[in-house]
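Following: one structure in structure tokens, then a few remarks.
The values are calculated or read from the model by the stated rules, or taken from the named source; none is laboratory data. Computed from a prediction, not measured in an experiment: that's the story for all the values here. Neighbour counts are summed over all protein chains in view; Cβ atoms, including those assigned to glycine, are modelled from backbone coordinates with ideal geometry. For accessibility, only protein heavy atoms count, side chains too; no ligands or nucleic acids. Shrake-Rupley method; radii C 1.70, N 1.55, O 1.52, S 1.80 Å.
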Amino acid sequence: MPKRIFSGAQPTGNVHLGNYLGALRNWVALQHEYESFFCIVNLHAVTIPQDPKLLAEKTRELTRIYLAVGIDPDVSTIFVQSDVHQHAELTWILNCVARMSELERMTQFKDKSRKSENVSAGLFDYPVLMASDILLYQTDLVPVGEDQRQHLELTRDLAIRFNRDYGDTFRVPEAYIPKVGARIMSLSDPTKKMSKSDDDPNGCVMMLDDADAVSRKFKRDVTDSGTEIRFDDSRPAISNLLTIYQLLTGKTSDEIESHFAGKGYAQLKQDLADVTVEFLRPFQERVNGIGTEQLNRLLGQGREKASKIASTTLSNVYAAMGVVGAGTSE
Ligand code: AMP
Ligand code: TRP
């Protein structure tokens, strides 16, 4: 069987440069080597309250973004999580395998629940739904940003425990976390990751931002002390900008450091804004060029393809556990 990758993003807020550089970009690069499944995880989105109309719009927008960054629907399967009911069903089963104590340790839950007064049981259960996404497809590799590492560990633990208790049923997946770009930082606070839920909108360059917004955000970017433009772990702001520059231009760190030798922060910010705008322009044109009919057709095909695999895995899971009902012979 060809090796498989699975990944997904939530159709909430706007997709930002961190999502692209940490995750989507690698999906595009890996899709020709692996059999690939890319999901729009709308059931994860509802773990915190969403405006129904906006959620529906963002689900379609994210599909367009997947296509416009370069995911090729002829080789990869793109689908919406709620279209394949096995995701929710397997979550129930894995809820009975996961332990409260391991979910209580999840740092993303701790961070998110600190910010909200009414924390849903779904938010607590979020990593189990994610494990179901991955395990349903007998996934080998999961390309994600650094913030998902702990969820991947949990996924592996659940697969190993299930296999031990009920027989070999799930492939145990590996995380694919890039060496460069796995944690793009906020432009307004380089000690925090770039995030949709950043309180300061200037910290985050959105994939659908226009040229003015991009330039403004880079210009306002906080800087650290020192004037030299070079990669330096002790200077997180400059290192973050250089990482973004490196990933968007494909240049090596030596090339970049010599390009900026003797130049100041202002020049770096200007160049970075130019490079980003050049990258975003054709991307945004592609987003706008994808019609509704094409979108519906692709998502319909994705649902068919994903459902076949998901239903086989879920049947195996039920059989392994003795979860049987009407019409099953003794
Ligand atoms: P989300 O939009 O939260 O569903 O995230 C989609 C993907 O983007 C996941 O693989 C995340 O790990 C990745 N991601 C989110 N924020 C960042 C960031 N600041 N830097 C790198 N990757 C990120
Ligand atoms: N939890 C991931 C995030 O917030 C999104 C996600 C859901 C995911 N299911 C997944 C990523 C399965 C990889 C594989 O970024």
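Ranking of E117, E57, E146 by solvent-accessible surface, largest first: E117, E57, E146 (1.4 Å probe, protein heavy atoms only, all chains present). Normalised per residue, the accessible area of the chain is 48 Å², obtained with a 1.4 Å probe and no contribution from ligands, DNA or RNA. Our compactness index for the range 1-138, the C-alpha radius of gyration over the empirical 2.2 N^0.38 Å, is 1.07.
Compared with the dominant Cα axis of the chain, that is its longest principal axis, helix 52-69 is turned about 70°.
For the Cα trace of the range 201-287, dividing Rg by the Kirkwood Rh returns an Rg/Rh value of 0.96. For A9, the residues 5 or more places off, or on other chains, whose built amide H falls under 5 Å of its own are C39, V41.
Amide H contacts of M185: M194, each under 5 Å away and 5 or more positions distant or on a separate chain (H built 1.01 Å from N in the peptide plane; Pro and chain starts excluded). For the chain, the longest principal axis of the alpha carbon atoms and the long axis of helix 121-136 meet at an angle near 80°.
According to the calculation over all Cα-Cα pairs in the chain, the P(r) per 10 Å bin from zero is 5, 24, 32, 24, 11, 3, 1, 0 %. Among residues other than I238 with Cβ under 10 Å from its Cβ, the summed charge is -2 (Lys and Arg +1, Asp and Glu -1).
Once you list every other residue whose beta carbon is under 11 Å from the beta carbon of V97, what net charge do they have if Lys and Arg are +1 and Asp and Glu are -1? Every neighbour counted, the sum reads 0.
In the chain, helices alone account for a calculated mean residue ellipticity at 222 nm of -16500 deg cm²/dmol, with every DSSP H run of four or more residues adding -39,500 (n - 2.57). The angle between the Cα long axis of helix 149-166 and the main principal axis of the chain comes to about 20°, on a 0 to 90 degree scale.
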